[in-house]
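**Student:** Quick one: this structure, given as structure tokens, is what I'll be asking you about.
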Amino acid sequence: MTAPGAPVTEADLAARVLEPKDFVADTEAFVDVRIERSKGKASYSFVGPGVSQNADQHISIAEPHGFNVGAATMPHGIYNNAHLHYTPEVFICTRGSWRIDIGRGREQSVELAPDDVFTAPTWVFRGFENTGPDDGFLFVVLGGDDTGGIIWDPDVLREAAETGMYLGRDNSLIDARNGLVPSEVLEPLSDSQLASIDSYSQSELSECLVPSSRLRWSAAALLSTVLGAQHSVELAPVIGYGLSQDRRSRPPVCTPHGFALEWLQAAPGSSTGIHRHDDSQVLLLIEGDWEIAVNEAAQEVATQPVRGSLVSVPASAWRDLRNVGTSPARAAIVTGSDSPSRVEWPAETLACAADAGFGLDAAGYVAPLELLGTGN
């Protein structure tokens, strides 16, 4: 465990909190925004630049995390056209209903409802449509600090050109509505080039969809849970192993993404307890009233963002995630590692857990104290 740096200041923490009122929509992020079926779509770059092709994009938190976090929103019936990514793209539906199509010809599709998570395979074309009654909302997590950009379906580039939008050879947007066609533009892929693009069966894609019915919640996922009702929290892994200290945790999706994703829920008045780890972390506060506290108790700084907010917590900083409301609270946690994060607890927590008969084994999992050390 790396020693923590200087305590997080109030200003530092405030800069890492994004409430919905702070979200900056980009309606010129991509080459397809003027195609009729795509008018009205908006993109957001919360952590990192994502795959935006707009040189004037607004990035809320530029500090590298090892992954990017953004969002998409659009009115009913509006479509985000077929494109592919080099790194994983994970959709977290928080509002509305969505259909995600896979393949140039929309050969397969999956439906998303609130709380559903879908990880789109790399190197395959995907597009998505808001099928709900209002402006739905999708959080999107992308693997890596540098995503490498995206490749568009050739037909999309041709249609975009008819609206005066092109991509330069560096994938930057070129607005040519004045009728002057630029001489140096990115050409659509040829049929021979398209032969290298991947495809997936419907059953394979179904394994990439994680609705609530596939979650395995653990009420013993953190060492603090052995201390009683004040730490009545549960974790359910979605992608990778994340924070869980339950040796029986099994995520539905195990393929490497460069980050882990899990759900956290806390009963009213309970908290994770103060802990830290060496990985970057972003919290998506989906439901309930959360308080995020950082630093050790004597230097604690805390914030209570509104529902729907995003919070970045620095690696190696002490933190405590608390439900300060009167109803259950739920959050999605993105942690910047494929490996399980090694969670560290203060000496006081370790002592109290020992009094309750529990400790951590050599792999960092919760175990009966009477069985630890007996193999020496």
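**Student:** Over the chain, with every protein chain in place, what whole percent of the accessible area is carbon and sulfur at 1.4 Å, could you tell me?
**Tutor:** Details: 8030 of 16050 Å².
The C+S portion of the solvent-accessible surface of the chain is 50 percent.
**Student:** Hey, another quick one. Among [x] 62, 45, 43; [y] 62, 43, 39; [z] 75, 44, 38, only one was calculated for this model; which label is it, if the read-out is Cα extents along the principal axes in Å?
**Tutor:** Comparing each candidate, only [z] matches the computed number.
**Student:** For Ala347 and Ala11, compute 0.36 nm times the residue count separating them, minus their Cα-Cα distance, and round to one decimal in nm. Show your work: numbers first, answer last.
**Tutor:** Details: separation 336, 0.36 × 336 = 120.96 nm, distance 2.83 nm.
Result: 118.1 nm gained on full extension.
**Student:** What is the Å³ per residue value for the convex hull set by the Cα atoms of segment 64-119? All intermediate terms of the calculation are to be shown ahead of the outcome.
**Tutor:** Numbers: hull volume 5.8 nm³, N = 56.
With only Cα atoms used, segment 64-119 gives 103 Å³ per residue.
**Student:** Still on this model: How far apart, in nanometres, would the label points at Asp191 and Ser206 be if each is projected 7 angstrom from Cα along the Cα-to-Cβ direction?
**Tutor:** Simple spin-label model gives 3.4 nm for this pair.
**Student:** From the backbone phi of segment 10-27, what are the Karplus-calculated ³J(HN,Hα) couplings (6.51 cos²θ - 1.76 cosθ + 1.60, θ = phi - 60°) in whole Hz, Gly and Pro given as x?
**Tutor:** Going residue by residue, I get 4, 5, 4, 5, 4, 6, 9, 10, 10, 8, x, 5, 8, 5, 10, 7, 10, 9 Hz, with x marking Gly and Pro.
**Student:** Using the Cα atoms of segment 283-376, I'd like the radius of gyration and the largest Cα-Cα distance, Dmax, both in angstrom.
**Tutor:** Values for segment 283-376 (Cα only, Rg and Dmax): 16.0, 50 Å.
**Student:** Under 5 Å between amide hydrogens, which residues at least 5 positions from Gly242 or on another chain qualify, with H placed 1.01 Å from N in the peptide plane?
**Tutor:** HN-HN under 5 Å from Gly242: Ser341.
**Student:** Name the residues whose placed amide hydrogens come within less than 5 Å of the amide hydrogen of Thr255, ignoring near sequence neighbours (fewer than 5 apart) on the same chain.
**Tutor:** For Thr255, no residues qualify.
**Student:** Also, I was wondering about something else. Taking amide H positions as placed 1.01 Å from N in the peptide plane, with prolines and chain starts having none, which residues 5 or more places from Arg104, or on another chain, fall under 5 Å of its amide H?
**Tutor:** Here the answer is Phe125, since their amide H atoms fall under 5 Å of that of Arg104.
**Student:** If you take all C-alpha pairs in segment 244-324, what percent of them are over 18 Å apart?
**Tutor:** Numbers: 1517 of 3240 pairs.
Everything past 18 Å amounts to 47 percent.
**Student:** Between Ser199, Asn171, Gln57, whose Cα lies farthest towards the positive end of the dipole of the chain when Lys and Arg beta carbons carry +1 and Asp and Glu beta carbons carry -1, centred on the Cα centre?
**Tutor:** Ser199
**Student:** Before anything else, pin down the relative contact order of the chain: Cα pairs under 8 Å, at least 6 apart, normalised by residue count, whole percent.
**Tutor:** Numbers: 953 pairs, mean separation 58.5, N = 376.
It comes to 16 percent, rounded to a whole number.
**Student:** Would you give the gap between the C-alpha center of segment 274-297 and the C-alpha center of segment 44-58, rounded to a whole Å?
**Tutor:** 25
**Student:** Okay, next question. Using only the heavy atoms of the protein chains and a 1.4 Å probe, how would Cys254, Cys93, Cys208, Cys352 rank by accessible area, largest first?
**Tutor:** On the way: Cys254 85, Cys93 0, Cys208 25, Cys352 60 Å².
Output order, biggest surface exposure first: Cys254, Cys352, Cys208, Cys93.
**Student:** Here's a follow-up. Ignoring everything but the protein chains, give the 1.4 Å probe accessible area of Tyr166 in square angstrom, nearest 10.
**Tutor:** For Tyr166, the solvent-accessible surface is approximately 40 Å².
**Student:** May I ask you to give the solvent-accessible area per residue for the chain, in square angstrom, as obtained with a 1.4 angstrom probe?
**Tutor:** On the way: 16050 Å² over 376 residues.
I get 43 Å² per residue for the chain.
**Student:** Turning to a different aspect of this structure: Multiply the residue gap between Lys21 and Ala176 by 0.36 nm, knock off their C-alpha separation, and tell me the result in nm, one decimal place. Intermediate values should be presented prior to the final figure.
**Tutor:** Numbers: separation 155, 0.36 × 155 = 55.80 nm, distance 3.29 nm.
Taking Lys21 through Ala176 to full extension adds about 52.5 nm, to one decimal.
**Student:** Next question, about the same structure. Using all alpha carbons of segment 45-172, what is the percent of pairwise distances in each 10 Å bin, ordered from the shortest bin to the longest?
**Tutor:** Histogram of Cα-Cα distances, whole percents per bin: 13, 42, 39, 7.
**Student:** Rank Gly364, Gly127, Gly168 by mean-square fluctuation in a GNM of the chain with C-alpha springs under 10 angstrom and give only the top-ranked residue.
**Tutor:** Gly168
The values are calculated or read from the model by the stated rules, or taken from the named source; none is laboratory data. Model, not experiment: these values are computed from the prediction. FYI the Cβ positions are ideal-geometry reconstructions off the backbone, even for glycines, and counts take in every protein chain you see. These area figures cover heavy atoms from the full protein model, side chains too; ligands, DNA and RNA do not enter into them. Shrake-Rupley method; radii C 1.70, N 1.55, O 1.52, S 1.80 Å.
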